[in-house]
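The values are calculated or read from the model by the stated rules, or taken from the named source; none is laboratory data. All values derive from a computational prediction rather than experimental measurement. FYI the Cβ positions are ideal-geometry reconstructions off the backbone, even for glycines, and counts take in every protein chain you see.
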Amino acid sequence: MPPRRSKRMRIETTRASESRTARTREQRPNGIMDDGLSEPVQTNSEVMQPSRTTTSSSYAICMDDIPPAVPSVHNMLGPLFCHFDKTPLTRYQFTAVLSKAIVRLKLPENTRYKSHSFRIGASTELALQDKQKVWLVGSSILKHAQLEAFLRPGGLRLNLKRLNISLWWQGYSGLKLSQVEQKLKTLAKVGPAPNVILIHCGGNDLGETSIRKLRLVCMKLFQFIQTNFPHSKVIWSCILPRIQWRYSQNSRAMESQRKRLNSCASRLALRYDGAIIRHPDIKRDSLFFCDGVHLSKLANAVFLNTLQGGLEAILRKGHACYPA
């Protein structure tokens, strides 16, 4: 006969049984009991009651899901340039290969990309050193082109920021060729030192001043730039044709003088190691002029495209004339 339990033990057993019965009655609609510890977890096949060990078991599962670390491949890397037998190139061999690559790419001979350009950080340093500051000085043609450039993709820098070229627009209504020298003196006091000075001026002088005097003015202007801006490159932007001229009604004679002045200024620019930008796409047509003198919206777009292409070809490819 089994030993008889005490009265106190029977009372505790009865209370535990009643407690389990009460918890069984307090079930949720989905059949999961609320033990007050955490939210229930339900899988596709069965309902699982979370316990106090849920946190530790979940943490173990997350740790198992983490992929292993990938070993470093640093030891497998070899020289950037090497022979077929995997021996590295010497400095002189690399310079020879680089020279052939520059010739094949048709880069200018005086390019600054040498063997030192391949060291760490050289590209960034070279880009900062090669920043080109361009002054665009001229008449109202440049002034109106600046307003049009402000509304274009690429903005006032004509999308040349990618080449580290900055533009400083200085267009003045009615500016004459004889006034450019004084204007450059003023700009030198307030503006950054230019690497390039682009001049688009002279149309307001034709018909009022003889070609002989304009040639002397051009010669004096280029000499002034060479003396006061010895490290600046001069670019002559050719005078555009017009339907109407301010000081003459003889369009044929004015067109002849325009070509002669452009020819003289172009020769001087090349003589002083400068460059030329022509505008062959802008012709004497009502499609390109709104008042016979200033450019229409279409002509301004063509003019800006030519300036952008010319500056890129001259400053990055070493061209002396654009279009070639």
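Data table
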{"read-out": "Selection count, segment 134-166, where residues are of a type in the set (D, E, K, R), free of Cβ contacts under 8 Å to residues at least 60 places away in the same chain and either out of contact with any Phe, Trp or Tyr (no Cβ under 8 Å at 6 or more places or on another chain) or not assigned by TED's automatic domain parsing to the domain that holds Cys290 (or both)", "value": "3"}
{"read-out": "Which listed residue is in the same structural domain as Ala145 (by TED's automatic domain parsing), crowded, with 18+ Cβ neighbours inside 10 Å, of a type in the set (A, V, I, L, M, F, W, C) and out of contact with any strand residue (DSSP E or B) (no Cβ under 6 Å at 6 or more places or on another chain), from Ile239, Ile225, Ile235", "value": "Ile239"}
{"read-out": "Any hit, segment 292-303, residues being surrounded by fewer than 13 Cβ atoms within 10 Å (Cβ to Cβ), among the charged types (D, E, K, R), without any contact (Cβ under 8 Å) to a residue 24 or more places away in the chain and assigned by TED's automatic domain parsing to the domain that holds Leu156", "value": "no"}
